[in-house]
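A short worksheet on the structure shown next.
The values are calculated or read from the model by the stated rules, or taken from the named source; none is laboratory data. Small disclaimer: the values here were computed from a predicted structure and weren't measured. Cβ sites come from the backbone with ideal geometry, for glycine too, and all protein chains shown count toward neighbours. These area figures cover heavy atoms from the full protein model, side chains too; ligands, DNA and RNA do not enter into them. Shrake-Rupley method; radii C 1.70, N 1.55, O 1.52, S 1.80 Å.
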Amino acid sequence: MEHDDLTQAFYFSSGNPRIEETRGVMHLFRDEVERKPLLCVLGVPNHMTYADFCQFCGSFIHHMLEMRIVRNDGMEDNYSVLIRFDDQSSADNFYKHFNGKCFSSLEVEICRVLFTVDVQFTGSIEHAQASAVSNMEQPSCPVCLERLDQDMGGILTTICNHSFHCSCISKWTDSSCPVCRFCQQQPEKSSCFVCQTSENLWMCVICGYIGCGRYREGHAIRHWKETEHCYSLELETRRVWDYAGDNYVHRLIQSKTDGKLVALNHRCAWANDGCGTCECGLEPGIGDALLNSKVEAIVNEYNELLTTQLENQKMYFESLLENIEQETEQGISKAVEQAISQNPKLLKLQAKLDKLVEEKKFLDDINDNLLKNLEIWEGKIAEIEERDKKDLNLKDKRIKDLQEELSSLITSLEIGNAAEPSPTSNHV
């Protein structure tokens, strides 16, 4: 950053770093003594998407002719926005309304607005060969397909140099570009969970553990030996290594040109010599269909591998939990024994408790025997009562029979006495 009496210069860059970077410098006024309808909003947090910033600008969005998102050198966690208004009064009102205002009531970052003297582009650097679509100037908005005309509405140029209508990009809630998917919020630099190094890093595809390679401290391979998570992703090349098989098992890698997933070495090395043993000489449509089928087969294979690995991990962690439970129980029993042995009073109480437990067990046995005897005697009493009842009924029946026999005998005697003649009558 350079300084003079009235202005200060900020160096900036824009564009997708994988394809092309455009560099430049913007000269900003130190105060509002001199003004132009060109403003710069410095230090916008990276987590604010294009839609969030358009919503933050509110009604002023209709007075903006053009917005350009740029990144300042040495400021990785935020970006800046160059805004050109339709007239000076709109620029002045925007400056008065937003300068010094917080971006959100939940954040401490404030909006810093400066009037811009001039913006100069110093050059561009190509990092990879861009496709024909990216090299062509976009005459229309990729979202609504209408022409990019400032009279029809403001134009917003993203940090990757793709232009959209402000009204269209304000509906895009993602922080990535709708055309190339380049994200303005770059991921945080990873480091080894143990030694904090940022070189030669590998990430476990099962649990996400990040460790350094065997050429550093070897924490990644140590994680495999401890957990048996055998698949690890090399963060720099996006390739997957199998520790159990000791080889690479990936089939897809991320292209450094456009960030898409492509098959590794899928093009035949002898394609230019007229190879007839593979699909390199087929028509583009057939070749794409075969590639898609291969990609689908690879995805299915990876899902099966991942399922198998997860099942193995489930069994592994279940065994660990079982061992932990056993160790915990043993530790508790040992701690109790140690506490009892160290305290004589507890030892006496434990002996008394053991004695009471034995007495309780003896009484429980007696009680069980008494209950069993009670059931036996109740059964015997019931049998005796039933037998006595039967005997009583039999006696009653015999008495009744005897009474009937006696009655019949008395009756027969009376009849016999009545039939015999009296002695007085025979004498006469």
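Among the candidates CYS204, CYS192, CYS180, CYS166, the residue that is in contact with a helix residue (DSSP H, G or I) (Cβ under 8 Å, 6 or more places away or on another chain), crowded, with 17+ Cβ neighbours inside 10 Å and at pLDDT below 80 is uniquely CYS180. Does region 369-389 include one or more residues that are closer than 30 Å to THR227 by Cβ and open to solvent by 90 Å² or more (accessible area, probe 1.4 Å)? Checking region 369-389: not a single residue is closer than 30 Å to THR227 by Cβ and open to solvent by 90 Å² or more (accessible area, probe 1.4 Å).
This table checks each residue for (1) touching a residue at least 24 places away in the same chain (Cβ under 8 Å); (2) open to solvent by 70 Å² or more (accessible area, probe 1.4 Å); (3) assigned by the TED database to the domain that holds GLU107.
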{"position": "MET26", "(1), (2), (3)": "yes, no, yes"}
{"position": "ASN46", "(1), (2), (3)": "yes, no, yes"}
{"position": "ALA51", "(1), (2), (3)": "yes, no, yes"}
{"position": "PHE56", "(1), (2), (3)": "yes, no, yes"}
{"position": "MET67", "(1), (2), (3)": "yes, no, yes"}
{"position": "GLY74", "(1), (2), (3)": "no, yes, yes"}
{"position": "ASP77", "(1), (2), (3)": "yes, yes, yes"}
{"position": "SER89", "(1), (2), (3)": "no, no, yes"}
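If the condition is being assigned to a loop (DSSP other than H, G, I, E, B) and open to solvent by less than 20 Å² (accessible area, probe 1.4 Å), then region 104-126 contributes only CYS111.
Of the listed requirements (1) modelled with pLDDT of 75 or more; (2) of a type in the set (A, V, I, L, M, F, W, C); (3) over 43 Å from the mean Cα position of the chain (by Cα), MET152 misses just one: (1). Exactly one residue out of ILE366, ILE340, ILE381 is touching a helix residue (DSSP H, G or I) at 6+ places or on another chain (Cβ under 9 Å) and assigned to a helix (DSSP H, G or I): that is ILE340. If you go through region 386-428 and keep only what is modelled with pLDDT of 85 or more and not in a helix (DSSP H, G or I), you end up with nothing.
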